[in-house]
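The next block holds one structure in the form of structure tokens; read it before the comments.
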Amino acid sequence: MSGRARCAALALVALSACGGHQLDLDKLSSASDDIVWEAGEKATAKKDWESARKYYKRLIDAFPQSPHQPDARIGLADTYFNEGGTGNYVLAVSSYREFLTLYPQHPRSDYAQFMAGEAYYKQKNSPDRDQTATGQALEEYERLLDVYPQSRYVEQTRERIRECRQMLARANYQVGYFYQKTRKSWRSAIGRYETILSQYPDYERIDEVLYRLSQVLSFSGRYAEARPHLARLRSEFPQSPYVAQADKLEATFPPSVPAAPSTPPATPPAPQPQVSL
């Protein structure tokens, strides 16, 4: 054991012998970074998040050249995340991002990136409420795949992306359905349903979206635009419960009017030869 490590161990033993009291931060000016680091780790193990934060912050501020700096910053962010609560999740995101700014190539950078997404994910709402946090989580997860494609968190990240996309698609559907049923605002409903088809083609209830979009298009008198969506519903989702409803809906459409054949332009008369007199 090195002399530095031995001193740190002796200091921690002395602290334990004094009744296991926490380190007095006012007396830490003479303590080594190893001592402060170990105190932070012990507080973390006991889930004493407030004390752990004090130790990590002390190490970050007082020992800028310490080899414990990166881990102390991760430890600080983790205390916010593990304690939970909206305010702490916001601070966790800030701390993880600060780590990524300072140590973009650190072996734990992918962890910090993943946890930034997790901190937003913890703040997500149900589909009938504001989806800002869900969108922010999705951005953080997608950034991990872009920057750290070999990360061990890739599979978890892909699952989170799937969940976020389903949530955002469902939120758009519920808004569209609200406009359709409550407001009778066909244009607004059409916009939401079309957003799902274009931005979230992996939505697990696309058959329902196709049917609702066809409904509001028909309510708007746009029967020609509704028919392709109904055809897609029957083709791609033949077992969907909306197929029978699609048949009933299309039966109410006016007959398709075939396009009038275009009249070919009249052939201009052949020029008459000029006779020289």
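Per residue, how much accessible area does the stretch 180-257 show when a 1.4 Å probe rolls over the protein heavy atoms, in square angstrom?
Working: 4400 Å² over 78 residues.
Value for the stretch 180-257: 56 Å² per residue.
In nm, to one decimal, how far is the modelled label at Arg227 from the one at Asp48, with both set 7 Å along Cα→Cβ?
In this crude spin-label approximation the distance works out to 7.6 nm.
Less than 15 Å from a label point 7 Å out along the Cα-to-Cβ axis of Gln123: which backbone N atoms in the stretch 134-175 qualify, by residue?
In the stretch 134-175, the label zone of Gln123 (backbone N under 15 Å from the point 7 Å along Cα→Cβ) covers 134-141.
If packing is taken as the average number of other Cβ atoms within 10 Å across a peptide's residues, how do 244-253, 202-211, 122-131, 164-173 rank, most packed first? Mind showing how you got there, number by number?
On the way: 244-253: 12.8, 202-211: 18.9, 122-131: 14.9, 164-173: 20.9.
Output ranking for 244-253, 202-211, 122-131, 164-173: 164-173, 202-211, 122-131, 244-253.
Quick check: residue separation of Gln174 and His106 times 0.36 nm, minus the Cα distance between them. What number comes out in nm?
Numbers: separation 68, 0.36 × 68 = 24.48 nm, distance 4.20 nm.
Taking Gln174 through His106 to full extension adds about 20.3 nm, to one decimal.
Once R0 is set to 22 Å, what does the formula 1/(1 + (r/R0)^6) return for the Cβ-Cβ distance between Leu145 and Glu236, expressed as a FRET efficiency to the nearest 0.05? Let's see the in-between values first.
Working: r = 28 Å, r/R0 = 1.25.
After rounding to 0.05, the efficiency reads 0.20.
Cut-off under 19 Å on the C-alpha distance; same-chain residues fewer than 8 positions from Lys54 excluded. Which lysines are left, in chain and number order?
Leaving aside lysines fewer than 8 places away in the same chain, those within reach of Lys54 are Lys27, Lys42, Lys46.
Hey, what does the equivalent ellipsoid look like for the stretch 107-152, semi-axes from the Cα gyration tensor as sqrt of 5 times each eigenvalue, largest first, whole Å? Can you show the working numbers first?
Details: eigenvalues 105, 18, 7 Å².
Three semi-axes, in Å: 23, 10, 6.
For Glu155 and Lys248, what is the calculated FRET efficiency with R₀ set at 51 Å and r taken between the beta-carbons, to the nearest 0.05?
Working: r = 43 Å, r/R0 = 0.85.
That pair, Glu155 with Lys248, gives E of 0.75.
Please arrange Phe178, Phe81, Phe99 by accessible surface area, largest first, computed with a 1.4 Å probe and ligands excluded.
Descending order: Phe178, Phe81, Phe99.
Could you compute the net charge surrounding Asn88? Neighbours are other residues with a C-beta less than 13 Å from the C-beta of Asn88; K and R count +1, D and E count -1. Write down the numbers at each step before the final one.
Details: positive: Arg53, Lys122; negative: Glu50, Asp78, Glu83, Glu118.
Overall, the nearby charge balance is -2.
Any chance you could list the semi-axes, whole Å, largest first, of the equivalent ellipsoid that the Cα gyration tensor gives for the stretch 37-109, using √(5λ)?
Details: eigenvalues 63, 52, 18 Å².
Equivalent ellipsoid semi-axes, largest first: 18, 16, 9 Å.
Taking the convex hull of the Cα atoms, report for the stretch 115-270 its projected area averaged over all directions, in nm².
On the way: hull surface 62.7 nm².
Mean projected area for the stretch 115-270: 15.7 nm², to one decimal.
If N is the number of residues in the stretch 76-130, what value comes out of its Cα radius of gyration divided by 2.2 N^0.38 Å?
For the stretch 76-130, the normalised Cα radius of gyration comes out at 1.17.
The values are calculated or read from the model by the stated rules, or taken from the named source; none is laboratory data. Everything quoted here is computed from the prediction, not taken from an experiment. Cβ sites come from the backbone with ideal geometry, for glycine too, and all protein chains shown count toward neighbours. Surface accessibility is based on the protein's heavy atoms, side chains included, excluding ligands, DNA and RNA. Shrake-Rupley method; radii C 1.70, N 1.55, O 1.52, S 1.80 Å.
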